[in-house]
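Only one structure is covered here, and it is reproduced in the block below.
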Amino acid sequence: MTQTQQTLSLAQYYAREGYYRHAQQACSSDARSGGAADTELVFWRAFAHAAEGHVSDAIKELESVQEKKGYQLPAFLSLLHFHQRCAQEDQHAVDDLQVKIQGQMNLAGDLERLFTCKYLVALGEVEKAREVLSKVNGRKIDENNVHNLACAQGWLEIEAARKATGQEQTDLYEKAWKALESGGQHVDVLLAKAKVLEGQRKWQAAVELFNTAIVRHTWFRPVLIEKAKTLMMTADWNQALDTMHRITDAEPDNIEAGRLQVLYMLSRESKTVEASKKLNELFCNIQMLEPRNHALLASCAQLFSRLAGRNSSILTITVRMLERAVTLRTEIMKTVKPSAHTGEHYLTELGYQQMLMGNLQAASESYHKAVEVDNTDVKALYGIINCRIQEGNLAE
């Protein structure tokens, strides 16, 4: 793999895992020659911009490549997606793009369709991606791009499986595995195979695939994170810790390694003092390395609040995380349609954690704000009632 192809794999990984600033930095550090991989980096940088609420920047990025041969269909479709997310939708641009898409759907080549499929899956448009992929003639794909076909089909079925249940989910994972078998040892293929095995609860087999990826692709450090997370699922804490130390030796500020360390301290060692210090470091690292990632802050806050055992030092930090997440999401709502980003669930979670701390007045305020945003939020309504009961206001 060339340096730019390696960067492309890193950018795709960060985009999938929700590390949007990491994805932007990877794309910006290695877009040089103007080749196919560089053009694809523009798409992933645009994706990351939009995820951080900078939809207009994403549109500008994609407009710069929308007439580039081999990338017109993904450009038109993604531009339509982002225009429709804007708070002030440009109807003229939307109408124009819909006409262009109708024409390009019949003109696009197979490689163009494969990249379109991967990008649409990342955008969450799985059914549209399936429609595009259905028109690909796999027999015309040359051996240098077999892994692209395998990845497009594999990740499509994986994302569909994550939203399915029961036998449907089982069948989708099997379809993903079958598609990936022809992809060889490409790092994206190995990661996708491991995700299938994780979905099937075959943790040890997934670890073995991660080991293969570590040996064959020494430059791809995120695979160590994936291995550590899977080892924790097998309760092999010693190996998980060894893997985490390999990560922190290379990247002391690694966010995912920090999350795993706090998780271990709280769930296995009950070291709340040390965990509190590490959690504060993690909070600082997120603000430095992923400064607009409200989803990451909220997920950390929710996870560690449940493991805190009402410890005030831990909850103080998780509440600060949530308050920052609410602020960031409120800022994003100014640039995108309310249906695309609403903050009521963050407010409900904030109220719950404030209630855990005994701050009933603040909790009640957060719950009321959540209800103002969505008056069908049952958890927020129950939260208000719970606050009233704890305050002794039974009449209310």
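Taking θ as phi - 60°, what are the ³J(HN,Hα) couplings along the stretch 14-21 by the Karplus curve (6.51, -1.76, 1.60), each to the nearest whole Hz, with x for Gly and Pro?
Karplus values, whole Hz, x for Gly and Pro: 4, 5, 5, 8, x, 9, 6, 5.
Could you give me the ³J(HN,Hα) list for the stretch 307-320, computed from phi with Karplus coefficients 6.51, -1.76, 1.60 and θ = phi - 60°, whole Hz, x at Gly and Pro?
Per-residue couplings from phi come out as 9, 6, x, 6, 5, 5, 5, 5, 5, 4, 6, 5, 5, 4 Hz.
For the stretch 121-259, treating each Cα as an identical point scatterer without solvent, what Debye log10 I(q)/I(0) comes out at q = 0.12, 0.16 1/Å?
-0.53, -0.88
Leaving ligands and nucleic acids out of the surface, order TYR264, TYR367, TYR352 by accessible area at 1.4 Å, largest first.
Per-residue accessible area, sorted high to low, gives TYR352, TYR264, TYR367.
On the accessible surface of the stretch 2-110, probed at 1.4 Å, how many percent belong to carbon and sulfur atoms?
In the stretch 2-110, the share of accessible area belonging to carbon and sulfur is 47 percent.
If I stretch the segment between GLN169 and ASN211 completely, what's the gain in nm (0.36 nm per residue apart, minus their alpha carbon distance), one decimal?
The span from GLN169 to ASN211 would gain 12.5 nm if fully extended.
Could you tell me how many degrees, from 0 to 90 and to the nearest 10, lie between the Cα long axis of helix 72-85 and the main elongation axis, the longest principal axis, of the Cα atoms of the chain?
30
Treating only the Cβ of Lys, Arg, Asp and Glu as charged (+1, +1, -1, -1), what charge dipole size does the chain show about its Cα centre? Round to the nearest 20 debye.
I would put it at about 560 debye.
For the stretch 224-351, what is the largest minus smallest coordinate of the Cα atoms on each principal axis, given in angstrom and ordered from greatest to least?
45, 30, 25
Report the residue, chosen from GLN287, GLN72, GLN153, that carries the largest GNM mean-square fluctuation when the chain is represented by alpha-carbon nodes joined by springs under 10 Å.
It is GLN287.
What figure, in Å² to the nearest 10, do you get for the accessible area of MET288 with a 1.4 Å probe and non-protein molecules left out?
Near enough 110 Å² of accessible area.
Would you tally the net charge around GLY184, using a Cβ to Cβ cut-off of less than 15 Å, leaving GLY184 out, and scoring K and R as +1, D and E as -1?
Combined, the nearby Lys, Arg, Asp and Glu give -1.
How much of the accessible area of the stretch 179-270, in percent, comes from carbon and sulfur atoms when a 1.4 Å probe is used?
Using a 1.4 Å probe with all protein chains present, the stretch 179-270 comes out at 44 percent carbon and sulfur.
What are the ³J(HN,Hα) values, in whole Hz, obtained from phi via the Karplus relation 6.51 cos²θ - 1.76 cosθ + 1.60 with θ = phi - 60°, for each residue of the stretch 163-177 in sequence order, with x given for Gly and Pro?
Here the 3J(HN,Hα) series is 9, 9, 9, x, 5, 4, 5, 4, 5, 5, 5, 5, 5, 4, 4 Hz.
Please compute one quarter of the surface area of the Cα convex hull for the chain and express it in square nanometres.
That works out to 20.8 nm².
Pick out, from TRP203, ILE225, LEU266, the residue whose Cα sits farthest towards the positive end of the charge dipole of the stretch 175-274, with +1 on the Cβ of Lys and Arg and -1 on the Cβ of Asp and Glu.
About the Cα centre, the residue reaching furthest to the positive side is TRP203.
Kindly express, to the nearest 10 degrees and within the range 0 to 90, the angle between helix 91-107's C-alpha long axis and the longest C-alpha principal axis of the chain.
For 91-107 against the chain, the angle is about 50 degrees.
What whole-number value in Å² describes the accessible area per residue of the stretch 233-283 for a 1.4 Å probe? Let's see the in-between values first.
On the way: 2650 Å² over 51 residues.
Heavy-atom SASA per residue in the stretch 233-283 reads 52 Å².
Can you check what the net charge comes to around ALA48, using other residues whose Cβ is under 12 Å from the Cβ of ALA48 (Lys, Arg +1; Asp, Glu -1)?
Every neighbour counted, the sum reads -1.
Show the residues, 5+ positions off or on another chain, whose built amide H is closer than 5 Å to the amide H of VAL336.
ALA87
Given DSSP loops and a limit of at most 16 other Cβ atoms within 10 Å, what is the longest stretch of the chain that contains no such trypsin sites (Lys or Arg not before Pro)?
Between exposed loop sites, the widest span is 203-270.
For a quick check, take a GNM of the chain with Cα springs below 10 Å and name the residue from PRO252, PRO291, PRO222 with the largest mean-square fluctuation.
Of the options given, PRO252 has the highest mean-square fluctuation.
The values are calculated or read from the model by the stated rules, or taken from the named source; none is laboratory data. Nothing here was measured: the structure is a model prediction, and the numbers come from that model. Glycine gets a Cβ as well: all are built from the backbone with ideal geometry, and neighbour counts include every protein chain shown. Remember, those area values only see protein heavy atoms, side chains included, never the ligands or the DNA or RNA. Shrake-Rupley method; radii C 1.70, N 1.55, O 1.52, S 1.80 Å.
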